[in-house]
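The values are calculated or read from the model by the stated rules, or taken from the named source; none is laboratory data. Every value quoted in this text rests on a predicted model; they were computed, and no experiment measured them. Please note: Cβ atoms are built from the backbone with ideal geometry, for glycine as well, and neighbour counts cover all protein chains shown.
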């Protein structure tokens with residue numbers, strides 16, 4: 001039996017006392033990267049399971065799925081067994097909460113681009129349209145079109161568009177315009 005950390009023991013013990021073995025909310029002071037790391041380790045060991053949250057019952061969310069829904073965490077039979085709760089009792093309390101099986105994703109090569117869903121009518125969509133133009137757009141042009149400050153525009157380009165959405169954006173210095181960003185055609 002793997003050794004549980006104090007945090008893992010607290011999460012599982014609290015889940016065992018809640019209806020449906022609900023592991024949320026997590027202990028006070030456990031949030032951000034530490035919470036993600038702890039939960040990921042517990043899910044990989046099979047101690048926790050991510051299921052659809054019943055918002056009508058007011059269940060706390062672990063994360064939002066982006067489609068207006070969210071997920072929560074429940075302790076599994078294996079997790080409750082790890083803290084000494086009989087598997088029969090655990091099965092009786094956790095069986096009703098099993099999530100619908102997720103559809104098996106189609107295998108993709110690691111280099112395949114992720115599908116990107118961009119809402120129309122947003123400033124982000126407007127900026128992407130500016131970047132798709134043959135002449136691209138400079139920081140000053142984007143800032144003027146959105147009313148944002150230059151650092152906000154740079155943050156969206158590097159963090160929101162390049163990192164999160166994985167868009168292929170190139171930059172080059174152009175006389176009289178400064179750095180011009182373009183969305184490369186894939």
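Just a few scattered comments:
- Pairs linking a residue in region 11-24 that is assigned by TED's automatic domain parsing to the domain that holds residue 59 to a residue that is surrounded by fewer than 17 Cβ atoms within 10 Å (Cβ to Cβ) and part of a helix (DSSP H, G or I), with Cβ atoms under 7 Å and 6 or more positions apart or on different chains, are 20/96.
- Top-ranked residue in region 11-32 [being in a helix (DSSP H, G or I) and touching a helix residue (DSSP H, G or I) at 6+ places or on another chain (Cβ under 6 Å); ranked as nearest to residue 47 (Cα to Cα)]: 12
- Test for residue 150: is it touching a helix residue (DSSP H, G or I) at 6+ places or on another chain (Cβ under 7 Å) and loosely packed, with under 15 Cβ neighbours inside 10 Å: yes
- Residue satisfying condition, being assigned to a strand (DSSP E or B) and either surrounded by 14 or more Cβ atoms within 10 Å (Cβ to Cβ) or touching a residue at least 24 places away in the same chain (Cβ under 8 Å) (or both), within set 162, 182: 182
- Helices (runs of 4 or more DSSP H) within region 46-135 that include 2 or more residues more than 19 Å from the chain's Cα centre (by Cα) and at pLDDT 80 or above: 77-82, 123-132
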